[in-house]
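Working notes, beginning with the structure itself.
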Amino acid sequence: MRALVVYESLFGNAETIARAIARGLATQLPAEAVPAAGAPETVGRDVALLVVGGPNHAMAMPRPSTREDAVNRGAQVSSPHTGLREWLGRVQFEAGGTHVGAFDTRMDHPRFLTRLDHAARTEEKLLGAHGGASIAPAEHFLVLDTTGPLAPGEEQRAEEWGARLGARALAAVTAG
């Protein structure tokens, strides 16, 4: 059994968080972080836990139009037309009830706008549509500005969250 973290990152912050989550998961079971553009089209039965995440961009998961805007501001993307949203739309799960988790990166201000940010909420819905069984509520990691950097301590917090997720997944697999 292993864990897989699939992410989309525009300015590098979500990638840093995804890799930290994978390091935390690896304290419990083998784990790998891969960008959505290179993620497998099928989540195999050997995946005990799938964690997905990316940035809130224009108050949602990135879309082709928002990726193009990000590229104009210096983002590095392999293709503005392919990201986590599109991967979640086409990925197939070999086993129903795969344990899943979701995260996003976001600013914590202005407060009224952060309530509208719903990248992780959409990720959870898309995972649920595939029969994914959420193992924990979505987690939000803070950036200081739209392009970053991460707020102090967020990378460590992501690693700790990954370790907790890994422990939950391992307990669920051995109990089930």
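Here, each number is a calculation from the coordinates, and none is a lab measurement. Bear in mind the structure is a predicted one, so any value in this text is a computation, not a measurement. Note that each Cβ is placed from the backbone with ideal geometry, even for glycine, and that neighbours are counted across all protein chains shown.
Using just the helices of the chain, give the 222 nm mean residue ellipticity in deg cm²/dmol: DSSP H runs with n ≥ 4 each add -39,500 (n - 2.57), and the total is spread over all residues, rounded to 500.
On the way: 6 runs with 66 residues, N = 176.
So the calculated ellipticity at 222 nm is -11500 deg cm²/dmol.
In degrees from 0 to 90, rounded to the nearest 10, what is the angle of the helix 13-25 Cα long axis to the longest principal axis of the chain?
It works out to around 20 degrees.
List the residues whose amide H sits under 5 Å from the amide H of H99, counting only those 5 or more places along or on another chain, with H placed 1.01 Å from N in the peptide plane.
The list, which skips near neighbours in sequence, is L50, A133.
For the charge dipole of the chain, defined by +1 on Lys and Arg C-beta atoms and -1 on Asp and Glu C-beta atoms about the Cα centroid, which residue among T146, H99, A163 has the Cα displaced farthest towards the positive pole?
Of T146, H99, A163, it is H99.
Among A36, A119, A26, determine the one that fluctuates most according to a GNM of the chain built with springs between C-alpha atoms less than 10 Å apart.
A26
For the chain, modelled as a GNM with alpha-carbon contacts under 10 angstrom, which of R73, R85, R23 fluctuates the most?
So, out of R73, R85, R23, the one fluctuating most is R73.
Which longest run of the chain has no exposed loop site in it, a site being GluC sites (Glu not before Pro) in a DSSP loop with at most 15 other beta carbons within 10 Å, and the site itself not part of the run? It would help to have the intermediate numbers written out before the result.
Working: sites that count: E41, E94.
Longest stretch, sites excluded: 95-176.
Zone of L29 (label point 7 Å along Cα→Cβ, backbone N under 18 Å): which residues in region 44-60?
44-53
Using only alpha carbon pairs under 8 Å that are at least six residues apart, calculate the relative contact order of the chain and give it in whole percent.
Numbers: 373 pairs, mean separation 53.7, N = 176.
Computed value for the chain: 30 percent relative contact order.
With a cut-off of at most 14 other beta carbons within 10 Å, and DSSP calling the residue loop, which trypsin sites (Lys or Arg not before Pro) in region 86-167 qualify? Please list them. Could you put the intermediate results ahead of the total?
On the way: sites: R90, R106, R111, R115, R121, K125, R157, R164; in loops: R115.
Answer in residue order: R115.
Could you list the residues of region 77-97 with an amide nitrogen less than 19 Å from a label point located 7 Å from the Cα of S134 in the Cα-to-C-beta direction?
Counting only backbone N, you get 85, 88-89, 96-97.
What label, among [x] 10, 41, 41, 9, 0; [y] 9, 32, 27, 20, 11, 2; [z] 11, 42, 36, 11, 1, belongs to P(r) over Cα pairs in 10 Å bins from 0, in percent computed from the structure on display?
The calculated read-out lines up with [z].
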